[in-house]
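Inspection log for the structure reproduced underneath, given as structure tokens.
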Amino acid sequence: MPGISTSTDHVPVRVFGGPTALVEYGGLRFLTDPTFDAPGDYPVPGGSLTKTAPASAAPDELGRIDVVLLSHDEHPDNLDNSGRALLADVPLTLTTPGGGRRLGARGLADWESIELDRPGGGTVTVTGVPAIHGPGPREEVEPFTGQVVGFVLTGDGLPTVYVSGDNASLDAVKEIAERFGPVDTAILFAGAPRFTILFDNAPIVLDSAQAAEAAEILGARRVVPVHYDSWAHFTEGRDDLLAAFTAAGLLDRLDLAKPDNLN
């Protein structure tokens, strides 16, 4: 199947563009940051964000979704109108504490965990982990870009999966690695988004070289990058990721497969 890992050593991950991916884990189906709106301009305070390409699937083509892992709800390149509509049909959305209040969802603070029942018995544990949406200390960044959460999935007999969310902090990655590393699959939000009016144009999510460094810190056996295409403010894409992972000697860990469909 195009875009789906065929290795029995890894969990299946399907990537649809932007930050949106479907992860099948422990018999449950997790969707990250749902964004399915058409290309166009989407308003944000002080301006707009431009989507340049459609998602490679529509929400009604995804099948059952058990959990949405929503890194944050305040930006349309992480949760758009179609994504918000989808949340109503999903049994559980996990997000930031503030997002939980705004959406009527379950917010997870740093290192807070929730156990989910697996269809065949046993549980999957989802732990909220730190993420900083810009360079510098959280208290200096959050007033401008908001609160963000990452996630770690664990379970008896299951590999560890890390979903970074919109994180730019390698120090946060080091904390996560100390508690959960090595990880099997790291779904890293990348793309080096930049804005001239924010943080002297520094990336507010990992750039490609930082993504490679994060992979090494985590001891990740596989890296599935997301959040590097489909939006004009993403300044680094597929070629930059390939170059950075090649330079770091980690190209064999990079999984850039994208599906044409779900069949």
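Summary table below
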{"read-out": "By average C-beta atoms within 10 angstrom, highest first, the peptides 31-41, 46-56", "value": "31-41, 46-56"}
{"read-out": "Quarter of Cα convex hull surface for the range 13-126, i.e. mean projection, nm²", "value": "7.4 nm²"}
{"read-out": "Equivalent ellipsoid semi-axes, the range 80-183, via Cα gyration tensor eigenvalues times 5, rooted, Å", "value": "23, 20, 10"}
{"read-out": "Net charge contributed by nearby residues that have their C-beta within less than 15 Å of GLU213 (K/R +1, D/E -1)", "value": "-4"}
{"read-out": "Cβ-based net charge around SER48, under 15 Å, with every Lys or Arg adding one and every Asp or Glu removing one", "value": "-4"}
{"read-out": "Pairwise label distance in nanometres, GLU139 with SER48, each label 7 Å out on the Cα-Cβ vector", "value": "3.8 nm"}
{"read-out": "Pair-distance profile P(r), taking every C-alpha pair of the chain, with 5 angstrom steps and integer %", "value": "1, 6, 14, 19, 22, 19, 12, 5, 1, 0, 0"}
{"read-out": "Net charge dipole size for the range 13-253 [Lys, Arg +1 and Asp, Glu -1 on Cβ; Debye, nearest 20]", "value": "380 debye"}
{"read-out": "Cβ-defined net charge surrounding LYS174, 15 Å radius [Lys, Arg +1; Asp, Glu -1]", "value": "-4"}
{"read-out": "DSSP bridge orientation in the chain - percent antiparallel, rounded to nearest 5", "value": "65 percent"}
{"read-out": "The range 13-253, relative contact order [Cα under 8 Å, separation at least 6], %", "value": "16 percent"}
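A short reminder: the numbers here are calculations on the coordinates, not readings from a lab. Not measured: the values here are computed from a predicted model. Here Cβ is always computed from backbone atoms with ideal geometry, including for glycine, and neighbour counts include all displayed protein chains.
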